[in-house]
Amino acid sequence: MHRLLLNVFVLLFVFAPYSAVNAQGYPNRVIKLVVPFPPGGLIDNAARLIGPELSKELGQPVVIENKPGAGGNVAAADVAKASPDGYTLLMASAPLSISPALYKSLPYNPANIEPIAILGQLPNVLLVNPESGINTVADLVKRAKANPGKLNYASNGNGTSLHLSAEMLKNQAGIFVVHIPYRGSTFANVGLVAKEVDFMFDNLPPALGLINGNKLKPLAVTTATRNPALPNVPTMIESGYPNFEVSAWFGIAAPKGIPDSASQLLQATLEKIVGRKEMVEAISRLGATVTFMNAQRAAQFMKTDTERWRKVIDYAKIQMD
């Protein structure tokens, strides 16, 4: 009897650490990273930079799954409803902070998604046709005020950050211009090159080729500081609009309730990844700047971002179903 009890004790002693690791060790299986947009765009490209490095560091496969639709809400809903175990993550971006202010109702509760980290930011850039004779933001505003309702601007669709950036300019500059939504920024750029519209805001990366090819002229970037890709282009703040600060951003989020240990591991790992010189350079080639924010700072940033967009949305009386 004593020998039997001793054997049981030995077995428990030997296998207890193994059982604890299996119960608590994260990660021990495949992680899914959900991307809210189709392959080939900025957010997808960023995910394909981060995903393999995350896999190497964590020792588990990171599978990227594209789930486009409804301005990012399809993917957000998928992640919000997933188990909060750290094995389903969202490649988060600006729509995650815009949607709560923009939509009457959402297919998910925004409170059911929590940020893990923000990894990078990039500006929108205010663009005109080089043949327009407009060389500064002041020139554009002056022309708009002299011709109320006669100028128009393009965007990649209603409720996007590009649309809302122009509405922010309307609000702060006190101008009346007409919105012409296109089916994506590529078509909007074509419209501006063809002089169908007078100006537009675009994310910097897709606009860089046209800027460098002298097809479009940048007037200002929307971040608080100038962008290294356009060092001679002023910010909107420098152009006379001290409250005009907008940035597209990307990061990682998870279902609400992810264990602290998993969140902390992901935060530390992501900070390590984006801190590497080669990753900084790769993200820079996307037109973005590495800006690491941990979960706490990211949550505050997103809250501030939502309120910033809510003011613009209320001013412009925009609401999506």
Checklist entry - So how strong a dipole does the range 124-221 carry about its Cα centre when Lys and Arg Cβ are +1 and Asp and Glu Cβ are -1, to the nearest 20 debye? => result 160
Item to check | Amide hydrogen neighbours beyond the local backbone of A117, cut-off 5 Å, H modeled | outcome: I252
Next on the checklist: To make sure I understand the rule: partners must be lysines, Cα under 29 Å from the Cα of K142, and not fewer than 8 residues away in the same chain. Which ones qualify?
Outcome noted: K150, K170, K195, K215, K217, K311, K317
Checklist outcome for this item: Sorted by chain and then number, the residues having a modelled amide H within less than 5 Å of the amide H of I64, at least 5 places away or on another chain, are L33
Checklist outcome for this item: Amide H neighbours of Y103 at under 5 Å, excluding residues fewer than 5 places away on the same chain, with H built from the backbone geometry, are M320
Checklist outcome for this item: Given a Förster distance of 41 Å, the FRET efficiency implied by the Cβ-Cβ spacing of E238 and E278, rounded to the nearest 0.05, works out to 0.85
Checklist outcome for this item: Rounded to the nearest 10, the angle in degrees between the Cα long axis of helix 260-274 and the longest principal axis of the Cα atoms of the chain comes to 50
Checklist outcome for this item: With x for Gly and Pro, the residue-by-residue ³J(HN,Hα) of the range 173-184, computed from phi through the Karplus equation 6.51 cos²θ - 1.76 cosθ + 1.60 at θ = phi - 60° and given in whole Hz, is 8, x, 10, 10, 10, 9, 8, 10, x, 10, 8, x
Item to check | Reachable aspartates and glutamates from K303, criterion Cα separation under 18 angstrom, eight or more residues apart if same chain | outcome: E114, E245, D314
Next on the checklist: For the range 124-221, I need the span (max minus min coordinate) of the C-alpha atoms along each principal axis, in Å, sorted largest to smallest.
Outcome noted: 31, 29, 22
Checklist entry - What FRET efficiency, computed as 1/(1 + (r/R0)^6) with R0 = 35 Å and r the Cβ-Cβ distance, is obtained for A194 and D314, rounded to the nearest 0.05? => result 0.60
Checklist entry - Which label marks the calculated value of P(r) over Cα pairs in 20 Å bins from 0, in percent, given the options [x] 24, 33, 18, 13, 10, 2; [y] 21, 46, 27, 6, 1, 0; [z] 31, 50, 14, 4, 1? => result [z]
Item to check | For the range 192-200, 3J(HN,Hα) per residue [Karplus equation, 6.51 cos²θ - 1.76 cosθ + 1.60, θ = phi - 60°, Hz, x = Gly/Pro] | outcome: 6, 4, 7, 6, 6, 10, 9, 7, 6
Item to check | Helix-derived mean residue ellipticity, 222 nm - over the chain, DSSP H n ≥ 4, -39500 (n - 2.57), to 500 | outcome: -14000 deg cm²/dmol
Next on the checklist: Treating only the Cβ of Lys, Arg, Asp and Glu as charged (+1, +1, -1, -1), what charge dipole size does the chain show about its Cα centre? Round to the nearest 20 debye.
Outcome noted: 180
Checklist entry - Helix 2-24: angle to the longest alpha-carbon principal axis of the chain, degrees 0 to 90, nearest 10? => result 0
Checklist entry - If the cut-off is a Cα-Cα distance under 18 Å, which lysines reach K67, setting aside same-chain residues fewer than 8 apart in sequence? => result K32, K81
Checklist outcome for this item: Rounded to whole angstrom, the alpha-carbon centroid of the range 258-321 lies from that of the range 202-217 at a distance of 24
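Every number here is computed from the coordinates shown, using simple stated rules; none is lab data. Only a predicted model underlies this, so the values are computations on that prediction, with no experimental measurement involved. When we count neighbours, we look across all protein chains shown, and the Cβ atoms used for this are built from the backbone with ideal geometry, even at glycine.
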